[in-house]
Structures are given as structure tokens and as C-alpha cells.
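K.L.:
Can you keep this structure in mind? I'll have questions shortly.
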Amino acid sequence: MRLNRDFFSVDVLTLSKNLLGKILVRKINNKYFRARIVETEAYKGPYDKAAHCYNNKKTERTKYFWQSPGKLYVYSIYGNNYLMNISAKDENSPEAVLIRAIEPLDNFEFIKEIRNVKEKKIKLTDLGNGPGKAGACLQINLSYNGFDLCNEKDLFLIDDDNYKFDIERSVRINIDYAEEYRFKPWRFFIKNNTNVSKAKIPYQFIDD
DNA sequence: GTACCGATGTTCT
DNA sequence: GAACATCGGTACC
């Protein structure tokens, strides 16, 4: 069943966990494919020093943190990488979930074409095991800022109640600038899933 | 398997 | 002009 607004209208830490195992449905060139979310990170403004919206910093880029839940905030990083975030809770709470890894479930050859991979020998587990790769699989770019996952046909989320898994957590990746917030255990991933990113975890997390 | 390194586009100073 | 919520390649074990 398709996930509706209520699903996203929760605290960002809850949403980060609840999104694990859910299935993204994507339509490109009249073809559908599906991919499972296997890794997420929570960015919880305004007090989270790792978040782009820390201290209520609202700019042309970051204004998409203040949206109704279930909408996209997209930004580019290190060149041609587009990272996808989903807004949580409500339009007064600048909180969003970063999608850090996805597991393609079908149409693998089509996804390889989309990824523009030269070597067709690429492993399936390397297609979506990172936030930039996930954005590339889903063909996300800056024009997707404000995109509503609850109301569009070409990209949305569905449930998968039969899929059972355990959740693990760690500190978030590449946010060394975030002072004490770099120790928060706000990265969540599916235990033993081979599509989780190979990120190096620089610190142990500290319990709240 | 790990380790470095350059390329890349946008944002903000 | 620097910083950046990264990636793919090459080099070495």
C-alpha cells in the first residue's frame, strides 16, 4: 500500500527508522522499477549542528526543510552528486531524512543504463550503496526540490509488510564539523544487507 | 581487501 | 575562492 502523509508526519528519528525496508517505485521513460531503502540518516534542525538548517539557517537551498512531510529536499555535493532527503513531521520543523543507500529489486539492466555505468559487469550491490549512487539510480536532480512523494505518479513509496529485518545504528558519515553532534547515533541501516554503504565509521556513538 | 586522489557543481563567504 | 551529508579510478598489498 502507498505511504500517505500521516506516515511522514512523525519525528525525523522515527521516520528514519520507519523508512527502512520500504520500497521506492520509480517510473522513467515509461518503465517502472523498484528499490528498497536500506540506509538512512536523520538531520534534526534547528539544533542539530550537522544539518544544513542548523540554527534556523534558511536560504534558497535550505528552505526545503520547511515543508509539509513527505516532500523532497535535494542538494548537490562534490560535483555531480545529488542527494535526496525526505521532510518529516511538519512545515514548522526543519527535519529531514537523508536516503543513504537503496537496493534495486528489479529491472537491473535498465538501472545500469540509467547509472551510465561503462562496465556492465558492475555488481548489483554497487548500484545504490551510497547517497550519490541512490540519487543517480533514481535520476534525482535539483529540479526535484519540493517534489511530493504523496501526490505524484513517477516516484512514490509503498509498504512491504512481509519483509522482516533488524535495524542497526551508528554515527552519521562525513560530518566531522558537527562538534558534539557527530557522536549522535542518527544513521540507521538494515543489518546484514549487502547494499548498505561501505562508509568508514569514525567514532562510536554516545547514547543520549 | 585498503588508501589515496582528482573531478565535479552549487552554495555561501 | 573555499567548502562540501561523494564517487570512480588507480595503485598497492
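The values are calculated or read from the model by the stated rules, or taken from the named source; none is laboratory data. Since we're looking at a predicted model, the values are computed, not measured. Every residue, glycine among them, receives a Cβ derived from its backbone with ideal geometry; neighbour counts consider all protein chains shown.
K.L.:
Suppose the filter is without any contact (Cβ under 8 Å) to a residue 24 or more places away in the chain and within 21 Å of A:Phe156 (Cβ to Cβ); does A:Asn29 pass it?
P.N.:
For A:Asn29, the condition - without any contact (Cβ under 8 Å) to a residue 24 or more places away in the chain and within 21 Å of A:Phe156 (Cβ to Cβ) - is met.
K.L.:
A follow-up question, please. Just checking, how many residues over the stretch A:182-194 are more than 11 Å from DNA strand C (Cβ to nearest atom) and surrounded by 18 or more Cβ atoms within 10 Å (Cβ to Cβ)?
P.N.:
So the answer is 5.
K.L.:
Further, regarding this structure: On the basis of being of a type in the set (Ser, Thr, Tyr) and within 16 Å of DNA strand B (Cβ to nearest atom), does A:Tyr47 make the cut?
P.N.:
Considered against the rule, which asks whether it is of a type in the set (Ser, Thr, Tyr) and within 16 Å of DNA strand B (Cβ to nearest atom), A:Tyr47 comes out as no.
K.L.:
Which condition number in (1) more than 20 Å from A:Ala136 (Cα to Cα); (2) more than 9 Å from DNA strand C (Cβ to nearest atom); (3) surrounded by fewer than 22 Cβ atoms within 10 Å (Cβ to Cβ); (4) not small (Gly, Ala, Ser) is the one that A:His52 fails?
P.N.:
That leaves (2) as the condition not met.
K.L.:
Sticking with this structure for a sec: With respect to A:Leu142, determine if the residue is buried (at least 18 other Cβ atoms within 10 Å of the Cβ), modelled with pLDDT of 95 or more, more than 9 Å from DNA strand C (Cβ to nearest atom) and over 23 Å from A:Lys191 (Cα atoms).
P.N.:
Criteria not met by A:Leu142.
K.L.:
List the residue pairs whose Cβ atoms are under 6 Å apart, where the first residue sits in the stretch A:144-156 and is of a type in the set (A, V, I, L, M), the second is surrounded by 15 or more Cβ atoms within 10 Å (Cβ to Cβ), and the two are 6 or more positions apart or on different chains.
P.N.:
A:Leu149/A:Gly70; A:Leu149/A:Phe156; A:Leu149/A:Leu157; A:Leu155/A:Arg26
K.L.:
Taking the stretch A:169-202 only, how many residues are among the hydroxyl-bearing types (Ser, Thr, Tyr) and within 18 Å of the chain's Cα centre (by Cα)?
P.N.:
3
A quick yes/no check of all residues on (1) within 13 Å of the chain's Cα centre (by Cα); (2) farther than 18 Å from A:Ala50 by Cα:
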| residue | (1), (2) |
| --- | --- |
| A:Asn80 | no, yes |
| A:Leu83 | yes, no |
| A:Ser87 | yes, no |
| A:Ser93 | no, no |
| A:Ile102 | yes, yes |
| A:Arg115 | no, yes |
| A:Ile122 | no, yes |
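K.L.:
Quick one: which of A:Ile206, A:Ile173, A:Ile140 is closer than 19 Å to A:Thr62 by Cβ and either part of a loop (DSSP other than H, G, I, E, B) or aliphatic (A, V, I, L, M) (or both)?
P.N.:
Result of the check over A:Ile206, A:Ile173, A:Ile140: A:Ile140.
K.L.:
Turning to a different aspect of this structure: Given the conditions (1) closer than 25 Å to A:Val74 by Cα; (2) out of contact with any strand residue (DSSP E or B) (no Cβ under 8 Å at 6 or more places or on another chain), report the number of the one that A:Tyr203 does not fulfil.
P.N.:
(1)
K.L.:
Determine if the stretch A:111-126 includes at least one residue that is surrounded by 12 or more Cβ atoms within 10 Å (Cβ to Cβ), at pLDDT 95 or above and assigned to a loop (DSSP other than H, G, I, E, B).
P.N.:
Checked the stretch A:111-126: no residue is surrounded by 12 or more Cβ atoms within 10 Å (Cβ to Cβ), at pLDDT 95 or above and assigned to a loop (DSSP other than H, G, I, E, B).
K.L.:
Does the stretch A:56-85 hold any residues that are polar (S, T, N, Q), within 13 Å of DNA strand C (Cβ to nearest atom) and at pLDDT 95 or above, and which are they?
P.N.:
A:Thr59, A:Thr62, A:Ser76, A:Asn81, A:Asn85
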